[in-house]
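Everything below concerns the one structure shown next.
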Amino acid sequence: MSANEKPAIGVIGVGWVGLVTAACFAELGHGVVAVDIDEHKIEILRSGGTLPIHEPGLPELVERNRERLRFTTEIGEVLDACPLLFCCVDTPPTYSGDADLSRVEAVVAQIQDGGEQALVMKSTVPAGTGLAIRRRKPELAYVSCPEFLKEGTAVEDFLHPDRVVIGADPGSDWAADAVADAYAPLGGQPVRTDVASAEMIKLASNAFLATKISFINEIANVCEEVGADVTEVARGMGLDERIGPKFLKAGIGWGGSCFGKDTIALKKLAGNTGYHFQLLSAVIDVNELQKRRVVGKLKQHLGSLTGRRIALLGLAFKPNTDDMRDAASLVLASRLRGEGADVRAYDPIAEQRARELLPEVEISDSPLAAIDGADAAILVTEWPEFAELDWEQMARRMTTPLLVDGRNFLDPARLRAAGFTYEGIGRPADGGEAEAST
Ligand code: UGA
C-alpha cells in the first residue's frame with residue numbers, strides 16, 4: 001500500500017447494511033472486498049445485474065465505484081486483503097425472541113485470534129456479545145460500530161451520519177482509531193465509548209424511536225375519542241426542542257426488519273438478566289393492536305366485511321423500499337381475509353415480493369385497478385405517487401368511496417371534495433371538523 005492509498009475494507013455479509021457499507025466506502029476511495037455465502041447474489045453483483053434490494057442511489061454508487069469493489073464468496077480473500085473486517089451479517093430473532101448469532105459466530109470462527117485484522121461489528125447484537133467474543137479470542141481487535149441507516153435513505157444516511165458510534169475496549173485502540181479515520185470524511189459526531197455501551201446505544205436508539213411512534217399512536221387513539229387532530233398535536237409537541245418533530249407521525253404502526261426484532265431482542269436481553277422491561281412490552285403491544293384498529297374502522301362503516309372487496313394501497317413497510325418484512329400490510333391482509341373480505345392490492349415496487357408473501361391477495365398493476373369496484377380502500381404505505389392520484393376518478397370507480405388513510409398522508413378536505421368518506425388515524429371523522437369550527 002502506498003503512503004496515500006487508503007486501506008482496503010472487508011465487508012462480510014452483503015445484505016442491506018453490507019452492500020450500502022461496501023458501496024459507500026468505495027465511494028470514499030477505499031478498495032472494498034465484500035463477501036457473502038449466497039453465490040447467486042454475488043454473481044448478480046459481479047455481473048452488474050439488477051441489485052437484490054431496492055435502495056435509492058445505490059445502483060449508481062455501485063456502478064460508479066465498480067473498479068474499487070470486489071465481490072466474492074471466498075472469505076479468505078477478505079481476510080488476506082483487509083485490516084478492517086466489517087461484519088454485516090443478519091441477526092434474525094430465534095423462537096425465544098433472542099437474536100440468532102449463528103451467522104456472527106460463523107464469521108468469528110474464521111478470524112484468527114491475534115491476527116492482523118480487526119473485527120468491526122455492524123450487525124445488531126445484544127449487549128455483551130463483544131465481551132463474549134473477546135473471551136474466546138482475547139487477542140482479537142474488536143470494535144462495535146452500530147449502523148443507524150434507514151431503508152429508503154440508506155446511502156444518504158451513511159454518507160451524512162448524525163453520529164458515528166465506535167466502541168472499543170483496551171487493547172483495540174488501534175482498530176478504533178482506524179475505524180474513526182475511515183468515517184472521518186463523513187463528518188458525523190464521533191462517539192468513542194466501550195463495547196457494551198456502543199451495543200446498548202444501538203438497541204436503545206431503535207427502542208426509543210419505536211416508543212415515540214407507539215406513544216403518538218396512543219395519543220392518536222385518544223384524539224379520536226375527544227375530537228382532536230393528532231397531526232396538530234404532534235406539530236405542537238414537536239416544536240418543543242426536548243421532544244423534536246421526528247418519529248411523531250401517527251399511523252398503523254411501525255414495521256420493517258429492525259424495530260420489531262430489536263425491541264423484542266432488548267426486552268429478552270433485559271428479561272434474561274431478570275429485569276422486566278415493562279415499557280417496551282407496552283410499546284410492542286400497542287404496535288400490534290394499532291395494525292388491527294383499521295379493521296374496526298372499516299366495520300363501523302360497512303358492518304360485516306364478509307364478501308366485501310377491500311383495496312390496499314401500498315404494501316412495503318415504508319416508501320422507497322420493496323421490503324415487506326414485518327410490514328403492516330401483511331397483518332392487515334391476513335386480518336381482512338380472516339373477516340371474509342376479498343383483498344386486492346397495489347404497490348409500485350414491492351409487487352414481486354407481495355406475490356410470494358400474500359398468495360391470497362390479488363396484486364393489481366395500478367391503483368385504479370386495485371380500487372375498481374372496492375367497498376373501501378386503505379392507504380398502507382405513503383408512496384409519494386398516491387398524493388398525485390386523480391381521486392375524483394378513484395371515487396367514481398369504487399362501490400363505496402370509503403378511504404382509511406393509515407398514514408395520515410392525504411389531505412382530508414381534498415379527499416372529501418373528491419367524494420370520499422375519509423378516515424385518518426387520530427383525525428376528526430367526517431363532519432368532525434365542521435363541528436369543531438362551529
Ligand atoms: C430503523 C431506524 O430508523 C434506523 O436508525 C436503524 O438503523 C434501522 O432501523 C436498523 O436498525 O437497521 P428502518 O427500519 O429502515 O430504520 O425504518 P424507519 O424509517 O425507522 O421506519 C420504521 C417504521 O416506522 C416504518 O414502518 C415507518 O412507517 C414507521 N414510522 C416511522 C411511523 O409509523 N411513524 C414515524 O413517525 C416514523
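Values in this text are rule-based calculations from the coordinates and carry no lab data. Keep in mind it's a predicted model, so treat the numbers as computed, not measured. Please note: Cβ atoms are built from the backbone with ideal geometry, for glycine as well, and neighbour counts cover all protein chains shown.
Here are some notes:
- By the equivalent-ellipsoid construction on the alpha carbon gyration tensor, the stretch 247-379 comes out with semi-axes of 30, 17, 12 Å, ordered largest to smallest.
- In terms of Cα atoms, the Rg and Dmax of the stretch 1-108 work out to 14.2, 50 Å.
- Per-residue ellipticity at 222 nm, computed for the chain from helices alone with -39500 (n - 2.57) per DSSP H run of at least four residues, works out to -13000 deg cm²/dmol.
- Between amide H atoms placed 1.01 Å from N, distances below 5 Å from L379 occur with L313, V404, D405, G406, all of them 5 or more places distant or on a separate chain.
- A P(r) calculated from all alpha carbon pairs of the stretch 174-330, with 10 Å bins opening at zero, reads 9, 28, 32, 21, 7, 3, 0 percent.
- Taken over the Cα atoms of the stretch 306-379, the convex hull encloses 71 Å³ per residue.
- Taking the longest Cα principal axis of the chain as reference, the axis of helix 195-226 is set at about 10 degrees.
- P(r) tail fraction, the chain - alpha-carbon pairs more than 31 Å apart, %: 46 percent
- Along the axis of the charge dipole computed for the stretch 41-175 (Cβ charges of +1 for Lys and Arg, -1 for Asp and Glu, origin at the Cα centre), the listed residues C145, L131, L84 are led at the positive end by L131.
- Coarse-grained scattering of the stretch 219-304 at q = 0.13, 0.19, 0.20, 0.21 Å⁻¹, given as base-10 log I(q)/I(0) from a Debye sum over alpha-carbon atoms: -0.59, -1.03, -1.07, -1.11
- The stretch 191-255 - Debye-derived log10 I(q)/I(0), Cα point model, q = 0.21, 0.24 Å⁻¹: -0.84, -0.98
- Summing +1 for each Lys or Arg and -1 for each Asp or Glu among the other residues whose beta-carbon sits under 13 angstrom from that of A106 gives -3.
- Remark on F71: its backbone amide H falls under 5 Å from those of A34, a criterion applied only to residues 5 or more positions apart or on other chains, H modelled at 1.01 Å from N.
- Three semi-axes describe the equivalent ellipsoid of the stretch 56-144; taken as square roots of 5 times the Cα gyration tensor eigenvalues and ordered largest first, they are 25, 19, 11 Å.
- Axis angle, to the nearest 10 degrees, between helix 173-183 and the longest C-alpha principal axis of the chain: 50 degrees.
- A P(r) calculated from all alpha carbon pairs of the stretch 359-438, with 5 Å bins opening at zero, reads 3, 15, 25, 27, 16, 8, 4, 1, 1, 0 percent.
- Isotropic mean projected area of the C-alpha convex hull, the stretch 117-225 (nm²): 8.1 nm²
- Contact order normalised by residue count of the chain, Cα under 8 Å, 6+ apart, percent: 11 percent
- Share antiparallel - DSSP beta bridges, the chain, percent rounded to 5: 5 percent
- Its convex hull of Cα atoms gives the stretch 268-321 a direction-averaged projected area, equal to a quarter of the hull surface, of 6.3 nm².
- Exposure rule at most 11 other beta-carbon atoms within 10 Å, DSSP loop GluC sites (Glu not before Pro): the chain longest free segment: 242-359
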